Amino acid sequence: MAGEKCDHLEQGATELARGPAECEECVKEGTTWVHLRQCLVCGHVGCCDSSPRRHARRHWHDTGHPVIRSNEPGEDWMWCYQHASYIDSDGRLT
């Protein structure tokens, strides 16, 4: 699998502007998050798997949108939930 192109990137828009600096679901629930992740299909911002509520992963389960990127300042990486793998800048699984 490593080195293969992630075909799920075709579903996304990698030119999305960075999303808001908060997890909307956590704000509504009054909970906190650790880090933020942005869906590359629709732009949804949710909290990471280290956060108590894992809203980014929940978004993937609810929508089937498999590819996210970090929404943290200074971070530039992508992850495919379907492949359970990072994606490099060339779209290859690592």
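The values are calculated or read from the model by the stated rules, or taken from the named source; none is laboratory data. Here the structure is a predicted model, which means the values were calculated and not measured. Cβ placement follows ideal geometry from the backbone for every residue including glycine, while neighbour counts extend to all protein chains displayed. Ligands, DNA and RNA are stripped out before the accessible areas are found, and what is left, the full protein with its side chains, is counted by its heavy atoms. Shrake-Rupley method; radii C 1.70, N 1.55, O 1.52, S 1.80 Å.
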Inset, instruction - Check whether at least one residue in region 3-22 is of a type outside the set (G, A, S) and modelled with pLDDT of 95 or more, and report yes or no. - result: yes
Legend entry - Index of the failed condition, E10 passing every other in (1) open to solvent by 60 Å² or more (accessible area, probe 1.4 Å); (2) in a loop (DSSP other than H, G, I, E, B); (3) not basic (K, R): (2)
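Within region 27-38, does at least one residue satisfy the condition of being over 20 Å from Y86 (Cβ atoms), crowded, with 19+ Cβ neighbours inside 10 Å, in contact with a strand residue (DSSP E or B) (Cβ under 8 Å, 6 or more places away or on another chain) and not basic (K, R)?
Of all residues in region 27-38, those over 20 Å from Y86 (Cβ atoms) come to 27-33.
If we keep only those that are crowded, with 19+ Cβ neighbours inside 10 Å too, we end up with 33.
So of that shortlist, the ones also in contact with a strand residue (DSSP E or B) (Cβ under 8 Å, 6 or more places away or on another chain) come out as 33.
Checking the rest, the ones that are also not basic (K, R) come to 33.
Yes, there is a match, as at least one residue in region 27-38 is over 20 Å from Y86 (Cβ atoms), crowded, with 19+ Cβ neighbours inside 10 Å, in contact with a strand residue (DSSP E or B) (Cβ under 8 Å, 6 or more places away or on another chain) and not basic (K, R).
Can you name every residue in region 52-63 that is surrounded by 14 or more Cβ atoms within 10 Å (Cβ to Cβ) and either in contact with a His (Cβ under 8 Å, 6 or more places away or on another chain) or closer than 20 Å to R18 by Cα (or both)?
In the first step, residues of region 52-63 are kept if they are surrounded by 14 or more Cβ atoms within 10 Å (Cβ to Cβ); the result is 53-57, 59-60.
Hits for region 52-63 are R54, H55, A56, R57, H59, W60.
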Legend entry - Of residues in region 68-94 being in contact with a helix residue (DSSP H, G or I) (Cβ under 7 Å, 6 or more places away or on another chain) and not aliphatic (A, V, I, L, M), the one farthest from R37 (Cα to Cα): G91
Inset, instruction - Considering only residues that are outside any loop (DSSP other than H, G, I, E, B), over 20 Å from R18 (Cα atoms) and of a type outside the set (A, V, I, L, M), look in region 64-94 and name the one that is most open to solvent (accessible area, probe 1.4 Å). - result: R92
